[in-house]
Amino acid sequence: MNFVLVASILFGLGLYGVLSRRDVIAVLASVELMLGAATVMLVGLAGLPSLSSQGGADPGTIEATGLLLLVMAAAAAAVGLALLVAIARSTGRTRTDELTDVRDRP
Amino acid sequence: MALVDRLGSALESIPSGIILASLDSLSNWAKGHSLWAMPMGTACCAMELIAASFNKFDFDRHGTFPRPDPRHTDVMIVAGTITYKMQPAVQRLYEQMPDPKWVIAMGNCTVNGGIFHYDTYSVVRGIDTFLPVDIYVAGCPPRPEALQDAVLQLREKIRTESFGPNTERAVDWLLPESRERS
Amino acid sequence: MSGFVGGLIWGLAAGTLIAIAALFGVWWERKVAGRIQMRIGPQTTGPAGILQTIADTLKLILKEDITPDQADVRVFRLAPLVVFVPVAMSFSVIPFAAGFAPLDTSVGMLFFLAVPALSVIGILLGGWSSRNTYATIGAIRAAAQMISYELPRALAVLSLVVLAGSIRPLDVMAAWSPWWIIATAPGFIVYFIASIAEVNRGPFDIPEAESELVAGYFADYSGIRWSIFMMAEYGGMVAASLFGAAVFLGGWNWLPGIGGILVFVALTLALVTAMVWVKWTYPRLRADQLMSFAWKIMTPAAIVQLVVVAVIAPWL
Amino acid sequence: MIAEFSASSIAFWLLSAVSIGSAAVVVFTRDVMRLAISLGVFFLTVAGWYLYFTHAFLAVAQVFLYAGGVLVLVLFAIMFLRRSKAGEPILESRHSTDSVVIAVGLGFLVVMSLRDRVPIALPQQAFPTTTELADILLGPMLPHLAAVSLLLLVACVSVLVVFGGERE
């Protein structure tokens with residue numbers, strides 16, 4: 001029982017949300033769950049001595065990497081939200097199974 | 001809740017009512033000294049109502065200042081002619097105010113229709129036909145000093161109120177059916 | 001566990017501080033506003049009306065607690081606390097005296113910027129759960145405004161971080177020198193304006209614009225719940241003034257010992273008064289003016305300030 | 001279990017419980033506001049995890065970026081999209097065995113691939129100072145920082161394009 005299990009459960013929950021949700025906002029929230037779980041896993045694992053011969057990465061490097069990851073994920077979330085608001089405004093639909101314009105009208 | 005009820009009856013059983021009386025006076029002091037006004041200005045009296053808040057008269061000296069939101073106010077100052085078309089809006093705003101709440105009827109039109117009392121089809125003859133009015137202010141329009149006096153009179157009136165179970169609310173004698181129910 | 005107990009004590013202390021700040025701040029605001037409008041302000045309740053806000057608070061506690069019929073009840077009741085708690089937490093990193101901050105953390109400056117920003121979530125929840133169009137519009141405006149003004153505020157504080165070489169508030173205070181006031185004057189002005197916008201006070205009070213939105217995001221709150229919103233507003237005002245007086249203006253660095261604390265308190269009071277002054281002097285901005293002011297003037301000014309400070313830092 | 005009953009393990013169990021609980025609410029709730037609130041709780045617990053791994057700066061950055069930024073954007077999008085609709089907004093999901101199998105299987109694979117590598121107790125790490133962080137970010141990791149900054153700029157511009165294109 002350790003944080004790997006917790007992060008995996010979180011990741012699995014997020015994946016299930018992405019697969020099962022039918023509303024774009026909920027799908028995006030589930031993607032955020034997966035991102036958070038992955039970052040927690042990375043930051044946690046990077047500090048462990050068992051993963052490398054030098055006894056874990058330098059905490060400053062971990063923190064810098066995590067920070068860059070955070071910023072990237074936040075940018076992705078912002079673009080995703082902007083896209084979904086734009087789609088919803090132009091089509092009036094927010095459910096993933098209704099958004100079939102590309103499939104239906106090639 | 002049972003404990004609270006028992007506490008309440010225990011407080012009442014103290015003969016001289018010292019605790020309840022001082023609680024009453026404290027709450028009445030607080031209520032009376034912070035009468036935030038809901039300005040229901042519909043006609044010319046509203047000019048005097050506005051003047052009352054600004055310099056020279058300065059309602060804020062007595063802790064009364066206008067808030068635009070009925071949820072944050074204590075006393076509705078109805079200033080101006082209320083037409084039948086306006087009546088539902090006034091009543092609704094009154095109902096949106098949280099208890100305890102009071103009404104001041106400012107000006108002749110709100111007291112009894114004023115100059116529109118005769119020969120008009122559209123004017124409500126006094127807002128006490130649909131609201132429990134606490135203070136009437138005569139005048140066409142009344143001076144801000146009169147309104148200020150009305151607020152101080154209302155403070156005096158509040159001083160005699162009580163939490164106690166025997167208090168009769170103004171709205172009870174206004175609506176007989178609600179009294180029969182209780 | 002001692003950390004937990006200490007946190008509890010400081011939470012209570014911050015709550016009390018905010019309550020006192022709100023009681024005093026409302027009275028002070030009404031007096032200053034009265035003077036600005038050639039009135040007197042509260043006068044008849046206690047000497048110089050000092051008991052006015054106590055009467056108001058008692059009355060608000062005794063008022064009916066209305067929950068709208070259509071409201072999302074649990075969210076509606078949660079929202080005032082979500083607004084209040086981050087503001088209370090932000091008090092904990094302020095350097096109150098030489099070598100003393102309740103929560104002495106190495107990321108204090110960022111903490112102070114990040115945590116009060118959480119209260120916008122409470123505003124959004126309150127505005128949404130009221131199921132009231134005015135409240136929803138007010139909440140959306142508040143969110144847009146707070147996201148926009150967080151950026152220049154953070155950039156302005158960043159120039160101090162560059163000067164001090166640390167984001168621990170006590171290190172910044174230790175490295176502080178009077179020349180910083182001149183070097184970071186534009187940054188301080190940006191910080192001050194952005195702080196007013198962060199606590200939704202005039203002239204940036206479009207989320208609660210009385211003439212168009214009745215009372216904005218708290219339009220349906222009454223009694224004590226509404227007063228928690230107001231306490232958060234005044235608490236945020238006092239926290240921003242305390243922090244600005246400490247890290248920008250030097251706070252207790254001016255005089256040793258108790259004199260320094262007095263200078264700190266005086267500077268804070270001056271900033272609070274300036275906030276009240278600004279509110280009662282300037283008319284409310286329009287929503288688009290507010291956004292273009294944030295993005296076209298405040299943010300570039302803060303960036304220029306940061307660059308200037310980074311260039312001159314070795315000589316300060 | 002009882003032997004390692006300490007402040008650290010209490011924090012671990014609390015964080016695990018709250019983060020999994022809030023994630024479950026995000027995935028299964030039908031009310032859109034519950035989703036937003038529990039997403040906020042989840043972001044705060046992620047910050048808590050960073051604190052648990054002694055990365056205070058990451059934790060505050062997480063609060064700043066996610067709880068203060070992304071969550072507000074999510075709430076904003078919810079209000080923007082659903083303001084006009086009456087009544088309780090309901091989120092729908094299509095639960096299926098396939099999704100369960102895929103999600104559980106992938107999670108299981110992750111756990112199994114790492115099960116030998118991870119010790120029970122975490123080692124005590126040095127608390128990195130922000131000066132160290134700055135040295136690393138502006139020293140060896142400067143290219144990465146520049147790349148992420150460029151990405152952020154592109155993201156900002158693309159958000160503007162997405163919204164600006166809508167206006168015509």
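The values are calculated or read from the model by the stated rules, or taken from the named source; none is laboratory data. These figures come from a predicted structure and were not determined experimentally. A quick note on method: Cβ atoms are made from the backbone with ideal geometry, for glycine too, and the neighbour counts reach across all protein chains shown. We work out accessible area using only protein heavy atoms, side chains counted, and drop any ligands, DNA or RNA first. Shrake-Rupley method; radii C 1.70, N 1.55, O 1.52, S 1.80 Å.
Quick one: in segment C:134-143, of everything that is open to solvent by 10 Å² or more (accessible area, probe 1.4 Å) and more than 8 Å from chain D (Cβ to nearest Cβ), which residue is nearest to residue C:225 (Cα to Cα)? Among those that are open to solvent by 10 Å² or more (accessible area, probe 1.4 Å) and more than 8 Å from chain D (Cβ to nearest Cβ), it is C:134.
Every listed requirement among (1) at the interface with chain C (Cβ under 8 Å from one of its Cβ atoms); (2) buried (at least 17 other Cβ atoms within 10 Å of the Cβ) is met by residue B:54 save one, (2). Of note, residue C:113 does not satisfy the criterion of being outside any loop (DSSP other than H, G, I, E, B), open to solvent by 20 Å² or more (accessible area, probe 1.4 Å), within 30 Å of residue D:33 (Cα to Cα) and in contact (Cβ under 8 Å) with a residue 40 or more places away in the chain.
Output the number of residues of segment C:143-168 satisfying the condition of being outside any loop (DSSP other than H, G, I, E, B) and in contact with an Asp or Glu (Cβ under 8 Å, 6 or more places away or on another chain). Residues in segment C:143-168 being outside any loop (DSSP other than H, G, I, E, B) and in contact with an Asp or Glu (Cβ under 8 Å, 6 or more places away or on another chain): 5 in total. Note on segment C:1-29: residues that are within 20 Å of residue C:224 (Cα to Cα), open to solvent by less than 80 Å² (accessible area, probe 1.4 Å) and free of Cβ contacts under 8 Å to residues at least 24 places away in the same chain total 1. Is it the case, given these coordinates, that residue D:71 is buried (at least 20 other Cβ atoms within 10 Å of the Cβ) and at the interface with chain C (Cβ under 10 Å from one of its Cβ atoms)? Taking the combined requirement at face value, the residue satisfies it. For segment A:27-44, filtering for residues that are over 17 Å from residue A:68 (Cα atoms), hydrophobic (A, V, I, L, M, F, W, C) and within 9 Å of chain D (Cβ to nearest Cβ) leaves 3.
Conditions tested, residue by residue: (1) in contact with a helix residue (DSSP H, G or I) (Cβ under 6 Å, 6 or more places away or on another chain); (2) modelled with pLDDT of 80 or more; (3) more than 21 Å from residue A:72 (Cβ to Cβ).
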| position | (1), (2), (3) |
| --- | --- |
| D:109 | no, yes, yes |
| D:113 | no, no, yes |
| D:117 | yes, no, yes |
| D:139 | no, no, no |
| D:143 | no, yes, no |
| D:158 | yes, yes, no |
| D:162 | yes, no, no |
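For segment B:64-110, taking the residues that are within 14 Å of another protein chain (Cβ to nearest Cβ), among the polar types (S, T, N, Q) and open to solvent by less than 10 Å² (accessible area, probe 1.4 Å), the one that is farthest from residue B:35 (Cα to Cα) is identified as B:73.
Under the condition of being surrounded by fewer than 16 Cβ atoms within 10 Å (Cβ to Cβ) and touching a residue at least 40 places away in the same chain (Cβ under 8 Å), the residues counted in segment C:172-210 number 4.
All conditions but one from (1) open to solvent by less than 30 Å² (accessible area, probe 1.4 Å); (2) modelled with pLDDT of 85 or more apply to residue C:146; the one that does not is (2). Residue by residue through segment A:86-106, note down the ones that are farther than 17 Å from residue D:91 by Cβ, open to solvent by less than 60 Å² (accessible area, probe 1.4 Å) and within 8 Å of another protein chain (Cβ to nearest Cβ). If the condition is that a residue be farther than 17 Å from residue D:91 by Cβ, open to solvent by less than 60 Å² (accessible area, probe 1.4 Å) and within 8 Å of another protein chain (Cβ to nearest Cβ), then A:86 is the only one that fits.
Residue pairs whose Cβ atoms lie under 6 Å apart, separated by 6 or more positions or on different chains, with the first residue in segment D:48-59 and facing chain A (nearest Cβ under 9 Å) and the second β-branched (Val, Ile, Thr) and not in a loop (DSSP other than H, G, I, E, B), are D:49/A:40; D:53/A:43; D:57/D:130.
Hey, can you tell me all the residues within segment C:156-174 that are of a type in the set (A, V, I, L, M), within 13 Å of chain D (Cβ to nearest Cβ) and touching a Ser or Thr at 6+ places or on another chain (Cβ under 8 Å)? Show your work before the answer.
Here is the first cut: in segment C:156-174, the residues of a type in the set (A, V, I, L, M) are C:156-158, C:160-164, C:167, C:170, C:172-174.
After this cut, where a residue has to be within 13 Å of chain D (Cβ to nearest Cβ) as well, the list is C:157-158, C:161-162, C:164, C:167, C:172.
Of everything in segment C:156-174, those that are of a type in the set (A, V, I, L, M), within 13 Å of chain D (Cβ to nearest Cβ) and touching a Ser or Thr at 6+ places or on another chain (Cβ under 8 Å) turn out to be C:167, C:172.
If the condition is being closer than 19 Å to residue C:287 by Cβ and more than 7 Å from chain D (Cβ to nearest Cβ), then segment C:110-125 contributes only C:123.
In the set B:77, B:50, only one residue is without any contact (Cβ under 8 Å) to a residue 12 or more places away in the chain, outside any loop (DSSP other than H, G, I, E, B) and among the hydrophobic types (A, V, I, L, M, F, W, C); that residue is B:50.
Residues are listed down the side, and each one gets a yes or a no for (1) open to solvent by 60 Å² or more (accessible area, probe 1.4 Å); (2) modelled with pLDDT under 85; (3) assigned to a helix (DSSP H, G or I):
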| residue | (1), (2), (3) |
| --- | --- |
| C:55 | no, no, yes |
| C:60 | no, no, yes |
| C:65 | yes, yes, no |
| C:71 | no, yes, no |
| C:76 | no, no, yes |
| C:79 | no, no, yes |
| C:82 | no, no, yes |
| C:86 | no, no, yes |
| C:89 | yes, yes, yes |
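Checked against the criteria, residue C:128 counts as more than 28 Å from residue C:247 (Cα to Cα) and either in a helix (DSSP H, G or I) or not acidic (Asp, Glu) (or both).
Looking at C:41, C:46, which one is more than 25 Å from residue C:153 (Cα to Cα) and more than 7 Å from every other protein chain (Cβ to nearest Cβ)? From the options C:41, C:46, the qualifying one is C:46. Considering segment B:114-142, the residues that are open to solvent by 60 Å² or more (accessible area, probe 1.4 Å) and of a type in the set (Val, Ile, Thr) include one that is farthest from residue B:85 (Cα to Cα), namely B:115.
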